[in-house]
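Trainee: Structure below; questions to follow.
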Amino acid sequence: MVYQQTLNYTTKGRSTTNITAEIQQLVQQSGIKIGTCHIFVQHTSASLMLCENADPDVRVDLETYMQHIVPDGDPMFLHQDEGPDDMSAHIRTVLTNPDLTVPVSNGRCDLGIWQGIYLTR
């Protein structure tokens with residue numbers, strides 16, 4: 001059985017948006033009890049990550065780290081067509097990936113108790 005749906009999100013600059021509930025709902029609606037859920041972002045400057053969902057400081061620390069290794073507006077980047085965060089967002093996507101695959105068991109994404117699925121920008 002194959003099931004495919006499209007979700008649309010609008011973000012405002014740097015963010016991590018927890019999309020776990022929406023993904024779980026789609027998996028439940030699919031009727032699939034065991035298998036895999038593949039999630040893909042069709043954007044070159046947004047990505048997905050599987051991350052801790054209990055302490056928001058984890059995501060703050062990740063953003064701090066990303067700003068350290070890939071700072072917005074760094075003059076070494078030539079590509080800044082859409083602003084100073086343009087190229088750094090592309091690099092972040094390469095580092096964090098535009099897709100995730102998670103197991104499905106009992107009609108749900110089989111995530112650990114502290115795991116959530118996040119759309120990052």
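Throughout, read-outs are computed from the coordinates displayed, never taken from laboratory work. Just so we're clear, the structure is a prediction, and the values are computed from it rather than from any experiment. For neighbour counting, all protein chains shown are included, and Cβ atoms are generated from backbone atoms with ideal geometry for every residue, glycine included.
Trainee: Which one of these does Phe77 not meet: (1) surrounded by 15 or more Cβ atoms within 10 Å (Cβ to Cβ); (2) under 13 Å from the mean Cα position of the chain (by Cα)?
Mentor: All conditions pass for Phe77, except number (2).
Trainee: Looking only at the range 63-113, how many residues end up being polar (S, T, N, Q), in a loop (DSSP other than H, G, I, E, B) and within 30 Å of Gly31 (Cα to Cα)?
Mentor: Residues flagged as polar (S, T, N, Q), in a loop (DSSP other than H, G, I, E, B) and within 30 Å of Gly31 (Cα to Cα) within the range 63-113 amount to 2.
Trainee: Oh, and also: Taking the stated definitions as given, is Leu100 in contact with a Cys (Cβ under 9 Å, 6 or more places away or on another chain), buried (at least 17 other Cβ atoms within 10 Å of the Cβ) and within 22 Å of Val2 (Cβ to Cβ)?
Mentor: Spelling it out, Leu100 is indeed in contact with a Cys (Cβ under 9 Å, 6 or more places away or on another chain), buried (at least 17 other Cβ atoms within 10 Å of the Cβ) and within 22 Å of Val2 (Cβ to Cβ).
Trainee: Suppose we filter the range 14-41 for residues that are loosely packed, with under 13 Cβ neighbours inside 10 Å, of a type in the set (Gly, Ala, Ser) and more than 30 Å from Ser88 (Cβ to Cβ); how many remain?
Mentor: Total meeting the criteria: 1.
Trainee: Answer yes or no: is there a residue in the range 73-91 that is closer than 22 Å to Gly112 by Cα and in contact with a Phe, Trp or Tyr (Cβ under 9 Å, 6 or more places away or on another chain).
Mentor: No.
Trainee: When you scan the range 83-95, do you find a residue that is crowded, with 18+ Cβ neighbours inside 10 Å, farther than 30 Å from Met1 by Cβ and acidic (Asp, Glu), even just one?
Mentor: Yes; the residues of the range 83-95 include at least one that is crowded, with 18+ Cβ neighbours inside 10 Å, farther than 30 Å from Met1 by Cβ and acidic (Asp, Glu).
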